[in-house]
Amino acid sequence: KERTPHRRSCDLNELLHEVSVSFWGLLMRRKVELETDAAGVTQPVRIDPVGMHRCLLNLVMNAADAVPKEGGRIRIR
């Protein structure tokens, strides 16, 4: 069953921080640095925070899988 999106005002910087905290341990084991920069966004955005969180987590996981074994950096701007 698909979830109905629930849009509300969110701080995009806070959402990016939550994603980076969620994957910190996994990314450290893979020698991957996650860099986030949404500093240009100072006003809340109206989004479905759960859907955006899932989307960002998916992007980070796919990017981490593509990083060489010796490590690297993922940058979300």
- request: Taking the chain as the reference, fit the longest principal axis to its C-alpha atoms, fit the long axis of helix 49-66 to the helix C-alpha atoms, and give the angle between the two in degrees, 0 to 90, nearest 10.
  value: 20
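Expressed as a rounded percentage, what relative contact order does the chain have, with Cα pairs under 8 Å and six or more residues apart? Each step should come with its number before you reach the end.
Working: 86 pairs, mean separation 34.3, N = 77.
45 percent.
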query: Share of the chain's accessible area from carbon and sulfur, percent, 1.4 Å?
result: 51
- prompt: Angle between the Cα long axis of helix 12-22 and the longest principal axis of the chain, 0 to 90 degrees, nearest 10?
  reply: 40
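Per residue, how much accessible area does region 32-77 have with a 1.4 Å probe, in Å²? Write out the running numbers ahead of the final one.
Numbers: 3140 Å² over 46 residues.
I get 68 Å² per residue for this part.
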query: When the chain is fully extended, how far beyond the present Cα-Cα distance does R73 get from V45, taking 0.36 nm per residue of separation?
result: 7.4 nm
task: Would you give the gap between the C-alpha center of region 1-44 and the C-alpha center of region 58-77, rounded to a whole Å?
output: 14
Gain on full stretching of the segment that runs from E2 to A38 - 0.36 nm per residue minus C-alpha separation: 10.1 nm
task: Report, as a whole number in µm² per second, the diffusion coefficient that Stokes-Einstein gives for the chain at 20 °C and 1.002 mPa s using the Kirkwood radius over alpha carbon pairs.
output: 161
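The values are calculated or read from the model by the stated rules, or taken from the named source; none is laboratory data. A quick note: this is a predicted structure, and the numbers were derived from the prediction, not measured. For the accessible areas, the whole protein counts, side chains as well, though only heavy atoms, and no ligand, DNA or RNA atoms are used. Shrake-Rupley method; radii C 1.70, N 1.55, O 1.52, S 1.80 Å.
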